[in-house]
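Peer 1: This is the structure, below, for whatever I ask next.
Every number in this text was worked out from the coordinates using simple rules, so none of it is lab data. A quick note: this is a predicted structure, and the numbers were derived from the prediction, not measured. Heads up, the Cβs are rebuilt from the backbone with ideal geometry, glycines too, and the neighbour counts pull from every protein chain shown.
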Amino acid sequence: MPRKLIAGNWKMNCLRTDGVALARDLGVRYSGETEPAFDMLVCPPATIVDAVGAAISGSGVLLGGQDCHRATKGAFTGDIAAPMLADLGCTHVIVGHSERRQYHGEIDLMVSEKAKAAHEAGLTAVICIGETEAERDAGQALAVCSRQIAGSVPEGSTADNTVIAYEPVWAIGTGRTPTTADVAEVHAHIRAELSRVMSDSDDVRILYGGSVKASNAGELMAVANVDGALVGGASLVADDFWAIAKACS
Ligand code: 13P
């Protein structure tokens, strides 16, 4: 079983002072663990990746970006290239988050290109997939995940350079979560689908994301094929994020 990964997606939150304080707090807690049962990753907004990296330096907490461009450099005003994130000490980058798919029109092919760019920069791509509420109501949840895996996971993906995050769109920021039976069904399906596109699919970490809180993390993290969490809102409060991480141990 892969070691659990607890990842915080800070989204468009935190000015430098808040972000550095949160990062320091997590760094102290993580480095104080004798044998942490989980890896911890924080993905701050691009403006403070550098400062947060300095704050967690030496603690063992990992650093990630929230998005990257498919190109390594060029005339793409406002965008950030994967090598730029690596240059700041990032080891991971989230790609294809539903908020990018929804508000920036990102389609599977673009997500796949971004993941490939991440791999080429030596980063682990955290590729997000998940159905909308209408798709779930229409009985399409599994089919949507199959389609997104086929389209968003590039050739050359391995358990080392790729993490999948299943984030049902209707569960993000809503306080609603799927039942553990539903999570088990989708994660088992994702594992099976991954075996079509990579040879070491059993070792790929499949995170669950969407309204993960301290109160539900224990039961979610105990579900088969759930190898960690991608946490939004609750990752902004050190006590809450830490409690979620401890639910893995
Ligand atoms: P919430 O934890 O706020 O529901 O957000 C989940 C998410 O989108 C993480 O990427």
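Peer 1: With the cut-off at 1.5 for a/c, could you classify region 17-89 from its C-alpha gyration tensor as rounded, prolate or oblate?
Peer 2: Prolate, because a/c is 1.5 or more and a/b exceeds b/c.
Peer 1: Can I get the semi-axes of region 4-144's equivalent ellipsoid? Compute them from the C-alpha gyration tensor as square roots of 5 times the eigenvalues, in angstrom, largest first.
Peer 2: 27, 20, 14
Peer 1: I'd like the distance separating the alpha-carbon centroids of region 119-145 and region 1-70, in whole Å.
Peer 2: 23
Peer 1: If the cut-off is 23 Å between C-alpha atoms, which lysines fall inside it for Lys213, apart from same-chain ones fewer than 8 positions away?
Peer 2: Leaving aside lysines fewer than 8 places away in the same chain, those within reach of Lys213 are Lys4, Lys11, Lys246.
Peer 1: In terms of modelled amide H atoms, which long-range or inter-chain residues lie less than 5 Å from the amide H of Met40?
Peer 2: Result for Met40 returns Ile6, Leu62.
Peer 1: Going 7 Å from the Cα of Asp79 along its beta-carbon direction, which residues of region 106-128 have the amide nitrogen within less than 14 Å of the resulting point?
Peer 2: Answer for this model: 106-107, 109-118.
Peer 1: What is the log10 of I(q)/I(0) for region 120-249, computed with the Debye formula using one identical point scatterer on each Cα and no solvent, at q = 0.18, 0.21 Å⁻¹?
Peer 2: -0.97, -1.25
Peer 1: Another question about this same structure. Using the alpha carbons of region 86-188, what is the convex hull volume per residue in cubic angstrom, as a whole number?
Peer 2: 117
Peer 1: In addition: Over all directions, how big on average is the projection of the convex hull of the alpha-carbon atoms in region 53-124, in square nanometres? Each step should come with its number before you reach the end.
Peer 2: Details: hull surface 20.4 nm².
One quarter of the hull surface, i.e. the mean projection, equals 5.1 nm².
Peer 1: For the chain, what does the helix formula give at 222 nm: sum of -39500 (n - 2.57) over DSSP H segments with n ≥ 4, over the residue count, nearest 500 deg cm²/dmol?
Peer 2: -12000 deg cm²/dmol
Peer 1: Report the gain in length on full extension from Arg147 to Arg3: 0.36 nm times residue separation, minus Cα-Cα distance, nm rounded to one decimal.
Peer 2: Additional length available on full extension: 49.2 nm.
Peer 1: More than 21 Å apart: what percent of Cα pairs in the chain qualify?
Peer 2: The share of Cα pairs beyond 21 Å in the chain comes to 53 percent.
Peer 1: Here is a further query. When the dipole is taken about the Cα centre of region 54-102, and only Lys, Arg (+1) and Asp, Glu (-1) are charged at their Cβ, what size is it in debye, to the nearest 20? Intermediate results must be reported in sequence, preceding the final value.
Peer 2: Values: 4 positive and 4 negative charges, 27 e Å.
I would put it at about 120 debye.
Peer 1: Oh, and also: Over 14 Å apart: what share of the alpha carbon pairs of region 163-223 falls there, rounded to a whole percent?
Peer 2: On the way: 1015 of 1830 pairs.
Everything past 14 Å amounts to 55 percent.
Peer 1: Can I ask one more? Multiply the residue separation of Val28 and Arg196 by 0.36 nm, subtract the distance between their alpha-carbon atoms, and state the gained length in nm to one decimal.
Peer 2: Taking 0.36 nm per residue and subtracting the Cα distance, the gain is 56.4 nm.
Peer 1: Determine, for Ser201, Ser157, the number of other Cβ atoms within 10 Å of each Cβ, and report the residues in order from fewest to most.
Peer 2: In order of increasing Cβ crowding within 10 Å: Ser201, Ser157.
Peer 1: Describe numerically, in nm with one decimal, the distance between label points set 7 Å from Cα along Cα→Cβ at Ile107 and at Ala243.
Peer 2: 4.3
Peer 1: When only alpha-carbon atoms are used, what values of Rg and Dmax, in angstrom, describe region 1-52?
Peer 2: Just the Cα atoms of region 1-52 yield Rg and Dmax of 12.0, 37 Å.
Peer 1: Tell me the label-point distance for the pair Thr158, Ala71, using the 7 Å Cα-to-Cβ offset, in nm and rounded to one decimal.
Peer 2: Rounded to a tenth, the inter-label distance reads 3.0 nm.
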